[in-house]
1. Pairs, please: C-beta under 6 Å, at least 6 apart or cross-chain, first residue in contact (Cβ under 8 Å) with a residue 40 or more places away in the chain and in the stretch 253-265, second loosely packed, with under 12 Cβ neighbours inside 10 Å?
2. Could you please find all residues in the stretch 270-297 being assigned to a loop (DSSP other than H, G, I, E, B), of a type outside the set (A, V, I, L, M) and surrounded by fewer than 16 Cβ atoms within 10 Å (Cβ to Cβ)?
3. Name the residues in the stretch 308-331 that are out of contact with any Cys (no Cβ under 8 Å at 6 or more places or on another chain), assigned to a loop (DSSP other than H, G, I, E, B) and under 15 Å from Ala279 (Cα atoms), would you?
4. Regarding the stretch 194-205, can at least one residue be identified that is out of contact with any Ser or Thr (no Cβ under 7 Å at 6 or more places or on another chain), not assigned by TED's automatic domain parsing to the domain that holds Val107 and not in a loop (DSSP other than H, G, I, E, B)?
5. Among the listed residues Ala133, Ala114, Ala96, Ala119, identify the single one that is of a type in the set (A, V, I, L, M, F, W, C), surrounded by fewer than 18 Cβ atoms within 10 Å (Cβ to Cβ) and either closer than 21 Å to Gly200 by Cα or in the same structural domain as Ala58 (by TED's automatic domain parsing) (or both).
6. What's the number of the condition Gln29 fails, among (1) among the polar types (S, T, N, Q); (2) touching a helix residue (DSSP H, G or I) at 6+ places or on another chain (Cβ under 6 Å); (3) farther than 27 Å from Asp318 by Cβ?
Amino acid sequence: MESVSGHAQRLTTVTLHLAHMTANLRLLQAQAPGAALWPVIKANAYGHGALPVARHLAGLGYRKVCVADVSEAAALAESGLGLATVILSPPLPEHAAALVTLGCEPVICTEDMANALNAAADKAGRRVPVHIAVDTGMGRVGMRPADTPAFFAACEALPGLAVVGIMSHFASADEADKTVAEAQLGRFQALTAAIGRRPGLQYHMANSAGMLELPGAAFDAVRPGIAMYGLPPSADIANPAAAALRPALEWTTPIVYLKEVPAGTGLSYGHDYHTPAPALIATVPVGYGDGLHRNLSGRMEMIVQGVRCPQVGRITMDLSLLDVTALRGLVHLGDEAVIIGQRGGAAQCADDLAATLGTINYEIVTAITQRVTRRIAT
């Protein structure tokens, strides 16, 4: 196993199975065979680690990725990988100079931003590639479809800009009812027909769910996020390809302390939990400071030696407790506790933890903080 950093590592570890990610990308590309695939590595690659994921993508031959903002683009630029970056969240005019310097491909949807980029590009003697965001029904950002042709023409007239993309984003492609998604798709298709084919211009709309559920959404490029990491966008995805996705992430932590306690012992802050019988309690160095949500306290398990062991007491910032009484005489310091992953016949995935919290798998993995060690499986 290869660490992605040479300095002292936190014991709690995310292990990246990059071969799984490769398989997921190939599966997704097969859903959109004629489209360019731009992997989304925002939010620290959905908690997996932006730099190790970016290195892997570069090694596979990908030349363009999507990030959230200019800070993520700057961090990627410092890696020296030479990847082009599409910045999905609209920046502010004050970011124009940095965007030009970094050579990013920002998403824009206001005249102020277009003019600021044009001025910064002119000052630097460069031309900035931009993508125009269109709101087909997501309701967050973007031009109205009816206003887009005029804005496109205005941007084309600015010497410092090169419009290389027109994009939109699905609000509910991951839901069983595709009425809203199909209406959005129809609006974007009408817009592409109105503007037409232009040299160097790529239309793109499909996220993971759009790729899996709406074949007509591929256009010129696709932007897979959660699915490239092996997680389904939702339980409502009907495409059987979703079942073939392979999670790229395991999350583990070692046992650092073991203690026998009598019945009635209060454990962790507030003594919300008392042992109902004599118990063997293990301490593991993972807590909400690592992204293990405090509201999972007493509602989850970890897998030790293939056995599900209940987490007991409140999850704290740095430490959590497990009842490993079932492994008395078998468990030792340093034994691995699996938070996400599979050992023996026992498995726990991000969707399991998400279901307990009433949230989505995206939040579980993106919440894993940067202090958690990332390692590459070998």
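1. Pro254/Gly334; Ile255/Leu333
2. Answer for the stretch 270-297, where residues must be assigned to a loop (DSSP other than H, G, I, E, B), of a type outside the set (A, V, I, L, M) and surrounded by fewer than 16 Cβ atoms within 10 Å (Cβ to Cβ): Asp272, Pro276, Pro278.
3. Gly313, Arg328, Gly329, Leu330, Val331
4. No; the residues of the stretch 194-205 include none that is out of contact with any Ser or Thr (no Cβ under 7 Å at 6 or more places or on another chain), not assigned by TED's automatic domain parsing to the domain that holds Val107 and not in a loop (DSSP other than H, G, I, E, B).
5. On inspection, the qualifying residue turns out to be Ala119.
6. Only one criterion is unmet by Gln29, namely (2).
Residue-by-condition table, conditions (1) under 30 Å from Pro149 (Cα atoms); (2) touching a strand residue (DSSP E or B) at 6+ places or on another chain (Cβ under 9 Å); (3) polar (S, T, N, Q):
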| site | (1), (2), (3) |
| --- | --- |
| Ala19 | no, no, no |
| Gly47 | no, yes, no |
| Ala50 | no, yes, no |
| Val67 | yes, yes, no |
| Pro90 | yes, yes, no |
| Val100 | yes, yes, no |
| Asp112 | yes, no, no |
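The rows are residues; the columns are (1) surrounded by fewer than 22 Cβ atoms within 10 Å (Cβ to Cβ); (2) closer than 26 Å to Cys104 by Cβ; (3) in contact with a Cys (Cβ under 9 Å, 6 or more places away or on another chain).
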residue	(1), (2), (3)
Ala153	yes, yes, no
Ala157	yes, yes, no
Ile166	no, yes, no
Ala171	yes, yes, no
Asp174	no, no, no
Phe188	no, yes, no
Arg198	yes, yes, no
His204	no, yes, no
Leu212	no, no, no
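The values are calculated or read from the model by the stated rules, or taken from the named source; none is laboratory data. Here the structure is a predicted model, which is why all the values come from computation and not from measurement. Don't worry about glycine lacking a Cβ; one is built from the backbone with ideal geometry, like all the others, and counts go over all protein chains shown.
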